[in-house]
Amino acid sequence: MRVFAHHLYEYNKGLRRLILHTTKAEYKDIIVAKLERRGIAYILQNVTENKINIYFGADYCIDVLKSFPHLNLRELSPDKDFILGAMLGYDMKVHCRRYLKIIGKTTKDLPESELVAV
């Protein structure tokens with residue numbers, strides 16, 4: 001529950017707009033009650049019989065996740081995986097390289113016009 005408390009702190013301070021918290025299923029009711037008391041949007045996902053994922057944060061981030069056909073992390077398309085990682089605040093350079101690897105490209109495969117730094 002300490003990690004959840006820290007995630008909640010980061011969200012409340014505006015450090016993150018979306019959080020993925022994985023925890024024991026036995027904590028589900030406590031966590032859901034805290035999120036609902038604070039009016040924080042969330043999606044609850046059973047991972048195993050004893051483990052859950054709770055995505056929580058800004059309404060607009062949760063709405064994006066609700067538009068996904070599913071949230072099984074192992075079955076997300078490369079594009080959905082990239083969107084989720086970006087919303088979770090993953091290091092963009094690392095995440096972009098990971099995406100390119102997943103889709104079978106490297107920066108060497110991209111036209112020069114797509115390599116211009118922004």
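The values are calculated or read from the model by the stated rules, or taken from the named source; none is laboratory data. Because the structure is a prediction, the values reported are computed rather than measured. So basically every Cβ, Gly included, is an ideal-geometry build from the backbone, and we count neighbours across all protein chains shown.
Computed values, structure above
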item: Hits in the range 58-75 - residues which are modelled with pLDDT of 95 or more and within 10 Å of the chain's Cα centre (by Cα); result: Cys61, Ile62, Leu65
item: Residue within the range 48-59 that is touching a Leu at 6+ places or on another chain (Cβ under 8 Å), free of Cβ contacts under 8 Å to residues at least 24 places away in the same chain and crowded, with 16+ Cβ neighbours inside 10 Å present; result: no
item: Answer residue from the range 13-24, given it is surrounded by 14 or more Cβ atoms within 10 Å (Cβ to Cβ) and among the aliphatic types (A, V, I, L, M) and is farthest from Arg38 (Cα to Cα) among those; result: Leu20
item: Selected residue (only one of Val32, Val94 is surrounded by 14 or more Cβ atoms within 10 Å (Cβ to Cβ) and without any contact (Cβ under 8 Å) to a residue 40 or more places away in the chain); result: Val32
item: Residue in the range 46-54 that is of a type in the set (S, T, N, Q), outside the structural domain of Met1 (by TED's automatic domain parsing) and modelled with pLDDT under 95 present; result: no
item: Selection count, the range 1-54, where residues are assigned to a loop (DSSP other than H, G, I, E, B), among the aliphatic types (A, V, I, L, M) and under 24 Å from Tyr90 (Cβ atoms); result: 3
